[in-house]
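Chemist: Structure provided below as structure tokens; questions to follow.
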Amino acid sequence: MRVWQFFHGVDRFVSSAERTRLNTFTCSPLDRCGEHRANTEWMAAQRAAAHARWLAFDSEGRAPVHDHRLCWINAGKLAPDASANFLGCVAGTPLYALREPVAHETAFPEAQWLDLRTAASELERDDAAVFAYARGLANWQAAMRHCNYCGAALTLIDGGHRAACAGCGRLHFPRTDAAIIVIVEHGDVCLLGRQAAWRPRQYSTLAGFVEPGESLADAVRREVREETGVEVLDCDFHSSQPWPFPASLMLGFTATAAGRAINLADGELEDARWFTAQEIVDGLHDGTLRVSTPLSISWRLIEHWLRTRAGVELSTLPRAV
């Protein structure tokens, strides 16, 4: 899908794929080698490779970071039977993520051990994407220890990307939960809401999970109506973002509303308001407004709206990064 977008004063033909590449946790450098995971000989050769590298986590899911890069363990420093998930290859180098936690003092004492949210703003983009991938896979494995059908124990196979049931023989695959996130506009204003648990004065775009038997456009209309009472007339796909907290895929949209009447119907939001571009700019300048951090696709959606409607760059505003 392609749209006309105002960009630094010039109309530019921008695809959703281009916009997606700007989102955090995208642009992974990995070849995931999915077609080889069931090939036991090929997988054994990758694991035995002298140039293979391994990512470690501590008991809280934090990884070692130094000088804006992830720290990797060389194959020769690991026990031959260390359990790990195969992530894929970069330029022919096999990469793995250890399943069992390691102690800080035994690996990379000079590194900072950071959780994914914190590391995302510290790491180079490609490493942030790999970190998100590794944690997403680990999150699924932690939640899928027994078969949903018969309750028997599961065994991880194919480099950690499948779980086989010892009872009924069914295979289980990593789960991703689809969620829409949308910036809604009506004329010269956009709709933002806030939850009670957020930082004071923080507003964000609206979001919610896609329900069974529901198209993405239907999910956009339903979520906006349920949370604010606003009816959506139309919507367009903007971009996507992996969001492994613990297992979501955020699907970003822009939408137009039929009117501005707000009714906070389902209790999800503490408040929802229509903002002009000038109100967002002024609020960020004087501290009466906060928006989501650049970690989230919400920031990109607000950035897109400000740029296309007012030629304003969100990244140049105080308290916006």
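The values are calculated or read from the model by the stated rules, or taken from the named source; none is laboratory data. Because the structure is a prediction, the values reported are computed rather than measured. Counting neighbours? That spans all protein chains shown, and the Cβs are built from the backbone with ideal geometry, glycine included.
Chemist: Does any residue of segment 259-268 turn out to be under 28 Å from Asn139 (Cβ atoms) and in contact (Cβ under 8 Å) with a residue 60 or more places away in the chain?
Modeler: For segment 259-268, residues under 28 Å from Asn139 (Cβ atoms) and in contact (Cβ under 8 Å) with a residue 60 or more places away in the chain: present.
Chemist: Within segment 130-152, how many residues are closer than 17 Å to Asp177 by Cα and surrounded by 14 or more Cβ atoms within 10 Å (Cβ to Cβ)?
Modeler: 11
Chemist: Let me ask you something else. So which of Asp115, Asp127 is touching a residue at least 12 places away in the same chain (Cβ under 8 Å), over 18 Å from Arg53 (Cα atoms) and among the acidic types (Asp, Glu)?
Modeler: Asp115
Chemist: State all residues of segment 76-90 that are modelled with pLDDT of 95 or more and surrounded by fewer than 13 Cβ atoms within 10 Å (Cβ to Cβ); if no residue qualifies, say none.
Modeler: Passing the criteria: only Ser83.
Chemist: Moving to a separate point now. Find all pairs meeting these conditions: Cβ atoms under 9 angstrom apart; at least six residues apart or on different chains; first residue within segment 306-320 and surrounded by fewer than 14 Cβ atoms within 10 Å (Cβ to Cβ); second residue at pLDDT below 90 and not β-branched (Val, Ile, Thr).
Modeler: Pairs that qualify, where the first residue is surrounded by fewer than 14 Cβ atoms within 10 Å (Cβ to Cβ) and the partner is at pLDDT below 90 and not β-branched (Val, Ile, Thr), are Gly311/Phe6; Gly311/His8; Gly311/Gly9; Glu313/His8.
Chemist: Just a yes or no: is a residue in segment 194-207 touching a helix residue (DSSP H, G or I) at 6+ places or on another chain (Cβ under 9 Å) and surrounded by fewer than 21 Cβ atoms within 10 Å (Cβ to Cβ)?
Modeler: Yes, the conditions are met somewhere in segment 194-207.
Chemist: From the list Asp58, Asp81, which one is in a loop (DSSP other than H, G, I, E, B) and either hydroxyl-bearing (Ser, Thr, Tyr) or touching a residue at least 40 places away in the same chain (Cβ under 8 Å) (or both)?
Modeler: Asp58
Chemist: Has segment 210-221 got at least one residue that is touching a Cys at 6+ places or on another chain (Cβ under 6 Å) and either free of Cβ contacts under 8 Å to residues at least 60 places away in the same chain or assigned by TED's automatic domain parsing to the domain that holds Val189 (or both)?
Modeler: Yes, segment 210-221 contains at least one residue that is touching a Cys at 6+ places or on another chain (Cβ under 6 Å) and either free of Cβ contacts under 8 Å to residues at least 60 places away in the same chain or assigned by TED's automatic domain parsing to the domain that holds Val189 (or both).
Chemist: Oh, and also: Test Ala97 against the stated conditions and say whether it is at pLDDT 95 or above, in contact with a helix residue (DSSP H, G or I) (Cβ under 7 Å, 6 or more places away or on another chain) and assigned by TED's automatic domain parsing to the domain that holds Leu137.
Modeler: For Ala97, the condition - at pLDDT 95 or above, in contact with a helix residue (DSSP H, G or I) (Cβ under 7 Å, 6 or more places away or on another chain) and assigned by TED's automatic domain parsing to the domain that holds Leu137 - is met.
Chemist: Within the group Arg290, Arg273, which residue is surrounded by 18 or more Cβ atoms within 10 Å (Cβ to Cβ), in contact (Cβ under 8 Å) with a residue 12 or more places away in the chain and out of contact with any Cys (no Cβ under 9 Å at 6 or more places or on another chain)?
Modeler: Every option except Arg290 fails the conditions.
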